[in-house]
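Please read the structure below before turning to the comments.
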Amino acid sequence: MHLNTTTIGRRTSTVLVAAAAAVAVLAPVASAGVGSDPQNLRAAGAAELTPAEYVKYLEKQDDPEAKDALASFKALPKGDQAKFVDYLQDEDVFKAFTEEASGPGSDTPQSGTVTQYNSDIAFVNDAKVDRKPQSAPPVAHWNEKATYTAKIKVLGITVTKLQVWVRYQSTRAHVTKVYNSGSAVKNINAAVSIDSDNARPWKAGGYAHAETVWKGSLVYKGFGIRMDKKQKIRGEYNGAWTGSLKNA
């Protein structure tokens, strides 16, 4: 399968496993150590998720992003709605969702890579670096927060969002200490449950590092399928960043 990749900023590489086109989606939950437990509409052994069931699922979510997704989903033609829910239940897409990108420091969100997986699905990287001086000029130390977000879009709707961040102190030459780190997940897929291990921060090689292991479980035709991911962020003294999402 041919993958069309657009790179914005400085990118190392985009690693994708060729597979069918589909996607796991994220639910209204955030912060490391707190997982999402979607209210699955299908009991074990029940029929596949239908567009009507998915509409009911979104209507029960008290979340602005779910409400936006509901409006966008209802606006799709019937054929695309059926295709959309089929994508949500296909484990191959989440397995193929692996990314690696990097870029310069920026206090506004910037894209690292946009990969068109097929005509319906895109893998997107976003990053944001907040960099604030600890004192008036001449500045000796900065407080920085680097955030890396990996997303899946299906038919223009963001269905998966995984995020990891790290906070640290730096000088003009290297990172001096790491404060803390965290992670966040958004899930609007009735067929997917996603949990996480706490993000783990550390300092090595003059950089600040953090990682989170995402524990994904797809319920498909009554069977539980595990799909774990490891997401990493590396922050540099000058605000530059490197992020990756790989199969655990």
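Read the figures in this text as sums done on the coordinates, not as results from a lab. Note that the coordinates shown come from a computational prediction; the quantities given were computed from them, not determined experimentally. In this analysis, Cβ positions are derived from the backbone assuming ideal geometry, glycine residues included, and neighbour counts consider all displayed protein chains.
Some observations on this one:
- Rounded to the nearest angstrom and listed largest first, the equivalent-ellipsoid semi-axes of the range 177-248 from its Cα gyration tensor are 30, 10, 10.
- In summary, the lysines within cross-link reach of LYS230, defined as a Cα separation below 17 angstrom excluding same-chain residues under 8 places away, comprise LYS95, LYS151, LYS161, LYS186, LYS215, LYS246.
- Principal axis dimensions, largest first and in whole angstrom, of the range 109-248 by Cα: 61, 29, 21
- Vicinal HN-Hα couplings computed from phi for the range 188-204 (Karplus, 6.51 cos²θ - 1.76 cosθ + 1.60; Hz; Gly/Pro x): 10, 10, 5, 9, 10, 10, 10, 10, 9, 7, 4, 4, 10, x, 7, 10, 7
- Packing here is the average count of other Cβ atoms within 10 Å per residue, and on that basis the peptides 68-75, 186-193, highest first, run 186-193, 68-75.
- Long-range HN-HN contacts of TYR237 with modeled amide H, under 5 Å: VAL175
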